[in-house]
Amino acid sequence: MSHPNYQLDCGWNALLAPRVPRPALQQDLDTDVAIIGAGWTGIAAARRWQELSPGDSVTLLDSSEIGEGNPGRNSGFLLSIALAEDANPSQLERMALCNRLTGDTMAQIMADVERYCAQTGETVDLQRTGTYRAAASSAGLRSLNNYRAFLQAAGLPFTELDRNALRERLGSNFYAEGLYSPDCYLAQPAAVIRALAAQLSKDTQLFENTPALEITRVGQRWRVKTPGGHVSCRQLILANNAFAKDLGIGGSRLVAMYTFAGLTPPLAAAQLDALGTDANWGLLPTHRLGSTLRRTVDGRFMIRSMHSYEKELPRAHIETELARRLHSRFPSLRQTGFDKVWGGAVGFTYNGGALWGEVKPNLHISAGCNGGGTVKGTLLGRLLVDKAHGLDVPDVPRLFGSASWMPPEPLRVIGFKFASTLESWQGRHEL
Ligand SMILES: Cc1cc2nc3c(=O)[nH]c(=O)nc-3n(C[C@H](O)[C@H](O)[C@H](O)COP(=O)(O)OP(=O)(O)OC[C@H]3O[C@@H](n4cnc5c(N)ncnc54)[C@H](O)[C@@H]3O)c2cc1C
């Protein structure tokens, strides 16, 4: 499949006022730069290209609509420090640079959103709330200890919390131990991506509902086929994450891994009062197959959990399983279902490293941010454009890793099923 085709609407986007999408491409077009994918990576790349080469025409294609597609489907954690998976206490200098780049990128996102709010008078929910990480079992505690070591080595602030302190703040008795780190923002992700897309310069033409179906090299140019017309460009950037492989790039390194989320209706004040002192919080799992949780500013609970390989799970299964996991953490919500459940595709790489750089003449890619690409995708999208302009850029593969090779099918799916069954069993108390 060359692009995502979700069975369920994005729950965050459904909470926003309707937005009129930009028209789909219906003609053949010549452009200096074409970017496939208007997500965190693609929008950042388009904006950076316009900053560095203001005279160039930039064409941005997305198979979905801004807010409805993958970039609006995440859990809304915008970490302003590098992710735990990127953390290695023995490499302090590398970590410090990753953290500085990530923090600067987060500050740019915040500034863009504030500019958007000032221009439109709208409010966009993006707040520096910090984040919890908590473990329920020995498997989770081992990861929590690694993360604590990372924070300590990097000299980053955090608070340790025992079961009682977590219960008091979050209203759940589920977790044995946790950490609170202030270096995270929580967002309404569909609102943020809409705000970022609205900041694109007038010289960037955005076409929504326009999937790239095929890319070919024609002479010195790249040609992108879409249902309504072709785009011919000098430079082509692939910012469509795991779906790049279906355009012939990254097939040995990328997989579309689906994960699922649900949002409850707003809870009654009396119910919320019994659910901890924090009113707007987020919790990331310590085990990588664990569940992400949020309590939102408007009094909803969100849970994200489960993974499936290259295709979505049936709706009934998603709903039942998310409810089971939410209710095991908050038994008082047993009667509360979901307003919305949905899935999204993560660009998964075996070792967590990104697929980044110029892979063919004038064909650039940034993909494979795994489960944490809001800020990191923005950063890598900008750096990709800096590199295409011949600027000095930090050594991205050294800093953030480089996607490793995966065996072809059917070995790959067999390996995934085996690893996921084993890890799910090992981390069963964290699911
Ligand atoms: C449920 C869920 C929760 C998550 N939670 C978090 C979180 O809290 N924090 C975090 O940092 N990350 C989170 N992630 C991961 C995060 O969403 C991704 O890492 C991030 O969206 C990557 O950004 P991107 O712009 O590189 O790619 P994407 O967001 O995947 O954007 C790619 C864009 O390309 C478009 N596209 C794809 N194929 C084509 C094509 N052929 N033609 C045209 N357009 C195409 C898509 O419509 C999409 O708009 C989560 C992911 C999911 C699914």
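Rule-based calculations on the coordinates, nothing more; no lab input. No experiment lies behind these values; they were computed from the predicted model shown. Cβ sites come from the backbone with ideal geometry, for glycine too, and all protein chains shown count toward neighbours.
What is the ratio of the Cα radius of gyration of the stretch 128-174 to 2.2 N^0.38 Å, with N the residue count, to two decimals?
This ratio for the stretch 128-174 stands at 1.20.
Given the options ARG163, ARG398, ARG133, state which has the largest fluctuation in a GNM of the chain using a 10 Å cut-off (strictly under) for Cα springs.
Among ARG163, ARG398, ARG133, the largest GNM mean-square fluctuation belongs to ARG398.
In nm, what is the difference between 0.36 nm times the number of residues separating THR123 and ARG19 and their Cα-Cα distance?
Stretched fully, the THR123-ARG19 segment lengthens by 35.9 nm.
Which pairs, out of LYS202/LYS340; LYS202/LYS311; LYS225/LYS387; LYS225/LYS376; LYS202/LYS245, put more than 32 Å between their alpha-carbon atoms?
LYS202/LYS340; LYS202/LYS311
Under a crude label model (7 Å from the Cα following the beta-carbon direction), how far is LYS202 from THR216 in nanometres?
Placing both labels 7 Å along Cα→Cβ, they lie 3.6 nm apart.
If the convex hull of the alpha-carbon atoms of the stretch 221-347 is projected onto planes in all directions, what is the mean projected area in square nanometres?
10.9
Find the percent of Cα-Cα distances in the stretch 269-341 that exceed 18 Å, and round it to a whole number.
Summing the P(r) of the stretch 269-341 above 18 Å gives 42 percent of all pairs.
Taking the Cα-to-Cβ direction at SER328 and at ARG234 and moving 7 Å from each Cα, how far apart do the two end points lie in nm?
5.6
Stretch SER138-ASP278 to full length: gain in nm at 0.36 nm per residue minus the Cα-Cα span?
Contour length minus the Cα-Cα distance gives 47.8 nm.
In Å and from the alpha-carbon atoms only, list the Rg and Dmax of the stretch 54-138.
Expressed in Å, the Cα Rg and Dmax of the stretch 54-138 come to 17.2, 57.
Hey, any idea what the orientation-averaged projected area of the convex hull of the stretch 178-275's Cα atoms comes to, in nm²?
Convex hull of Cα atoms, orientation-averaged projection: 11.7 nm².
With charges only on Cβ, +1 for K and R and -1 for D and E, what is the dipole size of the stretch 228-297 about its Cα centre, in debye, rounded to 20?
For the stretch 228-297, the charge dipole is close to 340 debye.
What residues from the stretch 176-212 fall in the zone where the backbone N is under 20 Å from a label point 7 Å along the Cα-to-C-beta line of GLU114?
Flagged as within label range: 182-189, 191-200.
What does the convex hull of the alpha-carbon atoms of the chain project to on average, in nm²?
Its Cα hull, projected and averaged over all orientations, spans 19.8 nm².
Mind putting together the pair-distance distribution for the stretch 18-162? All Cα pairs, 10 Å bins, whole percent per bin, short to long.
Result, from short to long distances: 9, 27, 31, 21, 10, 2, 0 percent.
Compare ARG148, ARG329, ARG382 in a GNM of the chain, Cα atoms joined below 10 Å, and give the one with the largest fluctuation.
Highest fluctuation among the options: ARG329.
Between VAL413 and HIS317, what FRET efficiency follows from the Cβ-Cβ distance if R0 is 25 Å, with the result rounded to 0.05?
0.85
Largest first and to the nearest Å, give the Cα extent of the stretch 85-196 along each principal axis.
Principal extents (largest minus smallest coordinate, Cα): 48, 38, 19 Å.
Given R₀ = 30 Å, what would the calculated FRET efficiency be for ARG167 paired with ALA269, taking r from the Cβ atoms and rounding to 0.05?
0.90
Take the alpha-carbon centre of the stretch 233-256, take the same for the stretch 138-194, and report the distance between them in whole Å.
With the stretch 233-256 and the stretch 138-194 each reduced to a Cα centre, they are spaced 33 Å.
Mind checking the alpha-carbon convex hull of the stretch 277-431 and giving the volume per residue in Å³?
162
For the stretch 304-395, treating each Cα as an identical point scatterer without solvent, what Debye log10 I(q)/I(0) comes out at q = 0.11, 0.17, 0.21, 0.24 1/Å?
-0.51, -0.82, -1.02, -1.19
If you plug each phi of the stretch 129-135 into the Karplus form 6.51 cos²θ - 1.76 cosθ + 1.60 with θ = phi - 60°, what whole-Hz ³J(HN,Hα) values come out, in order, with x for Gly and Pro?
Karplus values, whole Hz, x for Gly and Pro: 9, x, 8, 9, 10, 9, 10.
How high is the relative contact order of the chain, in percent, with contacts defined as C-alpha pairs under 8 Å that are six or more residues apart?
The normalised contact order for the chain reaches 24 percent.
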